[in-house]
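Enquirer: One structure, as structure tokens, below. Some questions next.
The values are calculated or read from the model by the stated rules, or taken from the named source; none is laboratory data. Worth saying up front: this structure is predicted, and the values here are computed from it rather than measured. In this analysis, Cβ positions are derived from the backbone assuming ideal geometry, glycine residues included, and neighbour counts consider all displayed protein chains. We work out accessible area using only protein heavy atoms, side chains counted, and drop any ligands, DNA or RNA first. Shrake-Rupley method; radii C 1.70, N 1.55, O 1.52, S 1.80 Å.
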Amino acid sequence: MNEKAVAYVLRLGDDALVAAQRMAALATWAPQLEEDVALANIALDLLGQARALLTYAGELEGQGRDEDLLAYRRDEHEFTSALLVEQPDTDFAATMVKLLFFSAYQRLLYEELSAGDDETLAAIAAKSVKEVAYHLSHACAWTVRLGDGTEESKRRMQTAVDELWPYTHELFASDSVWRGYGFDPAGLRERWLGIVEPVLAEATLERPVDDWAPTGGRDGLHTEHFGYLVGEMQSLHRAHEGVSW
Amino acid sequence: MDPRASQPAFIPGAAELLAEVEAAESLLDQRGPAGAAAPAGGEEADLLAHFEAVIAADAKIEPRDWVPAGYRESLIRQIAQHAHSEIVGMQPESNWITRAPSLKRKAILLAKVQDEAGHGLYLYSVAESLGANRESLLTALHDGKQKYLNFINYPTLTWGDVGALAWLTDGAAVVNQVPLCRSSYGPYARAMVRVCKEESFHHRQGFDLLWTLSQGSPAQHTMAQEAVNRWWGPALAMFGPPHRDSTHSEKSMAWRIKRFTNDELRQRFVDITVPQAEILGLTLPDPALAWNSERGHYDFTPPDYEELKRVVAGNGPCNRQRLARRRQAHEQGEWVRAAAAAHAAKHSREDAA
Ligand SMILES: [Fe+2]
Ligand SMILES: [Fe+2]
Ligand SMILES: [Fe+2]
């Protein structure tokens with residue numbers, strides 16, 4: 001077993017899974033019907049990425065774990081998703097800002113991985129990069145609209161940007177897992193800023209200063225929100241031992 | 001392991017319904033987008049004659065055609081109720097998205113809920129082609145002035161309910177909507193062709209979910225059976241009151257907005273569903289259910305119409321919850337819609353400058 005590869009692919013899979021779980025929970029809550037369709041579409045893309053990545057991580061691991069054993073039978077501290085994606089959707093502004101930050105990151109990382117040596121990972125990344133390019137353009141459009149909309153929408157967007165910005169640092173924090181396989185996202189921060197800063201500027205929103213930079217997700221140390229997310233996701237599956245669904 | 005590996009490929013009755021949808025679709029294609037247009041600027045009497053000729057020829061009315069006010073109102077009422085059912089119906093379904101017990105089932109359920117949102121959009125736009133507008137239809141829904149289907153006011157208490165809801169109520173929706181693919185109003189007929197195909201897919205997925213539960217552990221089997229027991233009545237009641245008590249039926253039949261009575265459609269649903277229940281290894285909660293060889297149909301106990309009345313009047317188990325949630329989502333979205341409008345207005349000014 002290639003432990004470094006397993007840990008690397010799990011991070012990508014967990015990011016996509018947790019982001020999908022959050023986005024899927026918004027069904028019926030969108031501000032208009034068109035957006036309900038769009039958010040479900042994005043959640044389905046992310047869920048599809050999670051399934052492909054977790055399946056692959058299980059294959060690399062070679063212990064017989066499939067996507068469901070990895071999603072439903074691990075404990076909180078075994079998930080290595082970034083803290084950003086587990087942050088709650090307190091309003092539509094938070095949802096869109098989170099999507100902006102995360103999809104810009106995913107797009108850059110998938111782009112690199114699609115040209116990488118691991119053919120399976122490259123194929124998953126190549127398919128996913130098209131999806132996240134759409135997520136990114138969707139998030140950019142809403143960020144500009146809401147940032148440069150009404151006073152209330154601007155205030156809500158700035159709040160979301162300020163609250164979520166600190167969690168973006170972790171996406172680019174290098175460690176032995178990131179350095180050990182695939183492509184290390186540490187080098188992508190500048191390019192990520194190159195995408196995000198102009199969007200914030202067009203949206204007439206302020207780019208926060210870089211100070212607090214919480215980490216821990218990549219080592220399984222999550223925020224308090226995470227236990228509820230995992231508990232809810234796994235509740236039914238865990239209540240029935242050894243059955244299929 | 002693919003949970004569907006040993007799934008029975010054959011669902012009795014499903015193919016026949018789909019074939020009817022496809023037959024209606026090819027009729028629509030042959031006819032082209034519209035019949036002959038009404039004479040422009042004609043007298044009311046000429047316009048009415050033209051309308052009646054189109055109906056009599058079983059041709060299609062299109063948005064540009066003159067129609068009697070009653071036809072327009074009936075259609076708007078029916079289409080709005082259908083559209084509302086799609087969007088409020090997302091609530092009992094989406095209740096299990098975050099807890100779906102496998103990632104594959106989660107994806108299937110999420111895609112289903114997305115389809116319903118798409119159906120809602122599509123149907124509101126058909127209503128708009130008749131001169132209604134979405135915003136005021138939503139207001140009527142939120143104020144309780146327009147209704148949605150009764151079954152949506154029941155809770156999805158277990159994962160089994162997700163399957164039973166899809167198998168029985170999406171199944172009933174298909175039976176109800178297949179004839180609407182031949183509605184005299186062209187845009188509605190075309191919408192129904194697409195919607196029916198997707199509802200039929202939902203029905204199949206519900207069947208598949210229940211089949212897996214029914215073949216699974218004793219606890220899973222019980223979960224499936226109890227859910228079917230809960231959903232059978234609401235599904236039968238979806239076809240509405242008996243024909244003799246139905247307020248809008250006669251006119252709708254004459255205008256070919258509707259083609260079969262509530263009772264005919266309910267019987268058809270029962271006849272299709274009984275053999276499917278047998279394949280599922282689940283029973284339907286009606287001791288009177290029996291094949292009647294003289295009639296060539298199953299006998300069954302009609303649904304509790306008093307319960308239906310109570311639910312339609314707003315006193316089902318979830319009416320208040322569903323409507324409150326719908327209003328809350330709409331109110332929460334107000335600042336977003338206002339901002340989008342403000343942004344668009346600013347930019348059209350800038351573009352003009
Ligand atoms: Fe429907
Ligand atoms: Fe639907
Ligand atoms: Fe459906």
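Enquirer: Roughly how many whole Å is it from the C-alpha centroid of region B:49-117 to that of region A:175-211?
Expert: Between the Cα centre of region B:49-117 and that of region A:175-211, the gap is 44 Å.
Enquirer: Give me the orientation-averaged projected area of the Cα convex hull of chain B, in nm², one decimal.
Expert: 22.0 nm²
Enquirer: Work out the FRET efficiency for B:M253 and B:K197 from their Cβ-Cβ distance, taking R0 = 22 Å, and round it to the nearest 0.05.
Expert: For B:M253 and B:K197, the calculated efficiency is 0.30.
Enquirer: Continuing with the same structure: Which order do the peptides B:78-88, B:341-351, A:129-139, B:94-104 come out in when sorted by mean C-beta neighbours inside 10 angstrom, highest first?
Expert: For the peptides B:78-88, B:341-351, A:129-139, B:94-104, the packing ranking is B:78-88, B:94-104, A:129-139, B:341-351.
Enquirer: Ignoring ligands, DNA and RNA, what percent of the 1.4 Å accessible area of region B:199-353 is carbon and sulfur? Can you show the working numbers first?
Expert: On the way: 4140 of 7630 Å².
Carbon and sulfur atoms account for 54 percent of the accessible area of region B:199-353.
Enquirer: Then there's this: Let me check the size of region A:103-218 from its C-alpha atoms; what are the radius of gyration and Dmax in Å?
Expert: 15.6, 49
Enquirer: Then there is this: Given H placed 1.01 Å from N in the peptide plane, which residues other than close sequence neighbours of B:Y185 have an amide H under 5 Å from its amide H?
Expert: Those lying under 5 Å, H to H, from B:Y185 are B:I61.
Enquirer: Need the list of aspartates and glutamates near A:K130 for cross-linking: C-alpha distance under 15 angstrom, and skip anything on the same chain fewer than eight residues off.
Expert: A:D45, A:E111, A:E112
Enquirer: Now for a different question. Ignoring ligands, DNA and RNA, how do A:D66, A:D211, A:D117 rank by accessible area with a 1.4 Å probe, largest first?
Expert: I get A:D117, A:D211, A:D66, largest accessible area first.
Enquirer: How many percent of the alpha carbon pairs in region A:1-127 exceed a separation of 27 Å?
Expert: Roughly 19 percent, once rounded to a whole number.
Enquirer: So what's the gap between the Cα centers of region A:38-62 and region A:1-26, to the nearest angstrom?
Expert: That distance is 7 Å.
Enquirer: Tell me the carbon and sulfur percent of the accessible area for region A:3-239, rounded to whole percent, probe radius 1.4 Å.
Expert: Carbon and sulfur: 51 percent of the exposed surface of region A:3-239.
Enquirer: Where Lys and Arg each count +1 and Asp and Glu each count -1, what net charge lies around A:W165 among other residues with Cβ under 13 Å from its Cβ?
Expert: After counting each charged neighbour, the total is -4.
Enquirer: In addition: Heavy atoms only, probe 1.4 angstrom, no DNA, RNA or ligands counted: give me B:R230, A:R51, B:R105 ranked by accessible area, highest first.
Expert: B:R230, A:R51, B:R105
Enquirer: Find the centroid of the Cα atoms in region B:175-240 and in region B:258-290, then give the distance between the two in whole Å.
Expert: Result: 12 Å between the Cα centres.
Enquirer: Taking the radius of gyration and the Kirkwood hydrodynamic radius from Cα positions alone, what is the Rg/Rh ratio for region A:3-239, to two decimal places?
Expert: With Rg and the Kirkwood Rh in hand, the quotient comes to 0.95.
Enquirer: Sticking with this structure for a sec: With a probe of 1.4 Å, find how much accessible area the protein assembly as shown has per residue, and write the answer as a whole number in Å².
Expert: 41 Å²
Enquirer: With every protein chain present, what accessible area does B:Y148 have (1.4 Å probe, heavy atoms only), rounded to the nearest 10 Å²?
Expert: Counting only protein heavy atoms, B:Y148 exposes about 30 Å² to solvent.
Enquirer: From the P(r) of the protein assembly as shown, can you give the percent of Cα pairs sitting at distances over 31 Å?
Expert: 55 percent
Enquirer: Below 10 angstrom from the Cβ of A:T204, what's the summed charge of the other residues (Lys, Arg +1; Asp, Glu -1)? Each step should come with its number before you reach the end.
Expert: On the way: positive: A:K154; negative: A:D148, A:E202, A:E206.
Around A:T204, the surrounding residues sum to -2.
Enquirer: Give me the summed buried accessible area for the A-B pair, 1.4 Å probe, to the nearest 100 Å².
Expert: Details: alone 11610 and 16870 Å², together 24340 Å².
What A and B bury together is about 4100 Å².
Enquirer: Quick check for you: which residues of region A:21-64 have the amide N under 18 Å from the point 7 Å beyond the Cα of A:E152 toward its beta carbon?
Expert: Within reach of a label on A:E152, which here means backbone N under 18 Å from a point 7 Å along Cα→Cβ, region A:21-64 contributes A:29-33.
Enquirer: Now, a different point. Using a 10 Å cut-off around each Cβ of peptide A:64-73, what is the average number of partner chain Cβ atoms that fall inside?
Expert: Working: counts 0, 0, 3, 3, 8, 0, 1, 3, 3, 0.
Mean partner-chain Cβ count within 10 Å for A:64-73: 2.
Enquirer: Going through the cross-link list A:K154/B:K346; A:K4/B:K106; B:K145/B:K197; B:K60/B:K251; B:K112/B:K197, which pairs have a Cα-Cα distance over 19 Å in this structure?
Expert: On the way: A:K154/B:K346 14 Å; A:K4/B:K106 29 Å; B:K145/B:K197 30 Å; B:K60/B:K251 17 Å; B:K112/B:K197 12 Å.
In this structure, A:K4/B:K106; B:K145/B:K197 exceed 19 Å between Cα atoms.
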